[in-house]
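Enquirer: One structure coming up, written as structure tokens, with questions to follow.
None of the figures in this text is laboratory data; all of them are computed from the coordinates on show. This is a predicted model, so every value here is computed, not measured. Using ideal geometry, Cβ is built from the backbone for each residue, glycine included, and neighbour counts are taken over all protein chains shown.
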Amino acid sequence: MGDKSEPSGWKGLQLALVFLLAAATWPLALGAKRAVYPEPPSPARLEAWDRDIRSQAVQRLGKRSPGILDSHPDPELGRTLKAAMSRREWAGSVLDSNSYGLRELRYELPKPQDKFRVVLLGDDLVFGRRREDRPADHLARLLRNHCPTERDQIEVLSFGIPSWNLRSQKVWVLRQLALLQPDLVLHLLRPQAIGDTPGVSGDGEEADFTPQFRPRAQGLLLQTPTFAGEEVGSLLTANLDWTSRERYKRAASDLKELSAALQQNGCPYLLVTFWNGRQKLVPEVLTSELKRHQWVQLSDATLQGEDFWLTPAQLHTSNAGGKRLAELLFGWVETRELLSSPLLERPQARRMALAEEQLANEFTELGPLKLEAGIRFGASPARLKQVHGGISTSGCVSPFAAGLLQHDSPTSLLLRGQRIERGAFDEGAELSIWLEGERIGAILLSGPKRFSLEIPLPKALRNSRPVGFQLRASDYVYTGERLQYCTALVLEELTLQ
């Protein structure tokens, strides 16, 4: 038999071929494995994917919900519009929004060096019902037509969201100021800005609480608008009681901070107030921290003009009103030389602005207000005008409530009502009662169902001036069909006697 064993050299060649084949196919096999089991992305890529997916999900959900509002992480700002809305129907008009949640085209941040940026700051007045009526759009055309050297560089931005109060307006500008770099800020301020900024419900509608004072739950203080034919709306801006005076102090401080920050950044600032019937309060308690050239008032003649407003509640200007306001703003910008570039003269606007300042000095103050000594809850809602907020018409008291009463010679404060069911509160939980910033007593939240408490007044409060009250609860329970109302107790009567 012959020798069938293979030469040792052949075996070595076979092993070499196996190793070469393995080396050639290993990258292919590894690629196939990665295709089936990809390597996990880096944390940075995961974060980017998460932001993108979350943004897309929010936009899709936003399109399905009826409201136009979105909450904001900054509780002092409270809310913006839903971002990137397109052709959304709202109040008989059509809305678009930019990626920042404003009814405005997207503006570049930081500001390009060749831009001249004018900001109109405010609330519903700046936001507008119909875009073509807004004062910013009319002002932009005037500036571009009368500033030939920078015609193509001028942009006029509308910074306004419905029901933004002064604090919201201030922080929106200041917390992007380094990037925004405005060249001029024109601030349109209405009495409603003294109140709170309402929050946003889950469906994008306005909520009945404010994120600015979240522990107060429904203790939302609002200056309701004055409708045509009414003598006055709510009394939060009347400066008659402690709560109102504190709001004005806070407003004056906010205006001082805003104007000082803008001045430090080389940006001129002009405040235009819309204090119909209460113009006397503007220099006394609102603009006391500003320089005189930094603010102007609109006159009664303008504010009460038949064609100035689009709606009876005086929230939005008509097209004629928007044009008139833009002419006035242009005139004040020209007479105060608020632009760095010279403007072509517009005598009509200059005359209107100067005449408006003269007319504003001839305002008509509201007559003496007839205030009640007591409020009976469950009665006509009109009687609740003396409640700034925090108490429903049925008497449900939120963790915070405020209002005012008046009596010729009061000696005590009477509170009658009902506690929540037994066992709802721990012992010691209470509703404290404050008059003009001074605590005068308290009601325990646990105890018999019905209560009637009469508290003697300090001697300093025993006169005929309006007396501001505040109710502050240390605890509360959920009430209402959806358990959405935070209630400490139920008032039936609150009376000075």
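Enquirer: Based on the alpha-carbon set only, what is the convex hull volume of the range 274-328 divided per residue, in Å³?
Expert: 88 Å³
Enquirer: While we're looking at this one, here's another question. Hey, what does the equivalent ellipsoid look like for the range 374-496, semi-axes from the Cα gyration tensor as sqrt of 5 times each eigenvalue, largest first, whole Å?
Expert: Over the Cα atoms of the range 374-496, the semi-axes work out to 24, 16, 12 Å.
Enquirer: Something else about it: Which of K82/K115; K256/K385; K170/K249; K170/K256 have a Cα-Cα distance over 19 Å?
Expert: Check vs 19 Å cut-off fails for K82/K115; K256/K385.
Enquirer: Between K459 and S93, what FRET efficiency comes out of the Förster formula 1/(1 + (r/R0)^6) with R0 = 56 Å and r the beta carbon distance, rounded to 0.05?
Expert: That pair, S93 with K459, gives E of 0.50.
Enquirer: Where in the range 128-148 does the label zone of S86 land, with the point 7 angstrom along Cα→C-beta and an amide N cut-off under 19 Å?
Expert: none
Enquirer: Quick query: amide H of G441 versus all other amide H atoms, modeled in the peptide plane; which residues come in under 5 Å with a sequence gap of 5 or more or a different chain?
Expert: Answer set, sorted by chain and number: I433.
Enquirer: Quick one: 3J(HN,Hα) in Hz for the range 75-85, Karplus 6.51/-1.76/1.60 with θ = phi - 60°, rounded, Gly and Pro as x.
Expert: x, 6, 7, x, 7, 9, 7, 5, 6, 6, 6
Enquirer: Once phi is turned into θ = phi - 60°, what whole-Hz ³J(HN,Hα) does the Karplus curve with 6.51, -1.76 and 1.60 give for every residue of the range 439-449, x standing for Gly and Pro?
Expert: 6, 10, x, 7, 10, 5, 7, 9, x, x, 4
Enquirer: Excluding S341 itself, calculate the net charge of residues whose Cβ lies under 11 Å from the Cβ of S341, where each Lys or Arg counts +1 and each Asp or Glu counts -1.
Expert: -2
Enquirer: Would you please classify the overall shape of the range 113-360 from the alpha carbon gyration tensor, given that a ≥ b ≥ c denote the square roots of the eigenvalues, rounded means a/c under 1.5, and beyond that prolate means a/b larger than b/c while oblate covers the rest?
Expert: prolate
Enquirer: DSSP loop (so not H, G, I, E, B), at most 16 other Cβ within 10 Å: list which GluC sites (Glu not before Pro) in the range 402-497 pass both filters.
Expert: Sites meeting the loop and neighbour criteria: E421, E427, E481.
Enquirer: Taking the Cβ of P448 as the centre, find all other residues whose Cβ is under 10 Å away and add up their charges (Lys, Arg: +1; Asp, Glu: -1).
Expert: Charge balance near P448 sits at +4.
Enquirer: Just want the ordering: H407, H146, from fewest to most Cβ atoms lying within 10 Å of their own Cβ.
Expert: Sorted ascending by nearby Cβ count, the order is H146, H407.
Enquirer: Let me ask something else. Test of understanding: ordering H293, H388, H187 by Cβ neighbours within 10 Å, fewest first, what list do you get?
Expert: With the sparsest Cβ surroundings first, the list reads H293, H187, H388.
Enquirer: So if I take the centroid of the Cα atoms in the range 242-321 and the same for the range 389-431, what is the distance between those two points in Å?
Expert: 34 Å
Enquirer: So what are the ³J(HN,Hα) numbers for the range 105-116, from phi and the Karplus equation (6.51, -1.76, 1.60; θ = phi - 60°), rounded to whole Hz, Gly and Pro as x?
Expert: 5, 5, 10, 7, 10, x, 5, x, 5, 8, 8, 10
Enquirer: Less than 14 Å Cβ to Cβ from F116, Lys/Arg counted +1 and Asp/Glu -1: what total charge do the surrounding residues give?
Expert: -1
Enquirer: Under 5 Å between amide hydrogens, which residues at least 5 positions from Q218 or on another chain qualify, with H placed 1.01 Å from N in the peptide plane?
Expert: Here the answer is C486, since their amide H atoms fall under 5 Å of that of Q218.
Enquirer: Quick one: work out the % antiparallel among DSSP beta bridges in the range 113-360, nearest 5.
Expert: Expressed as a percentage, antiparallel bridges in the range 113-360 total about 10.
Enquirer: Please name whichever of S392, G437, V467 sits farthest to the positive end of the charge dipole of the range 374-496, dipole taken about the Cα centre and charges placed at Cβ: Lys and Arg +1, Asp and Glu -1.
Expert: V467
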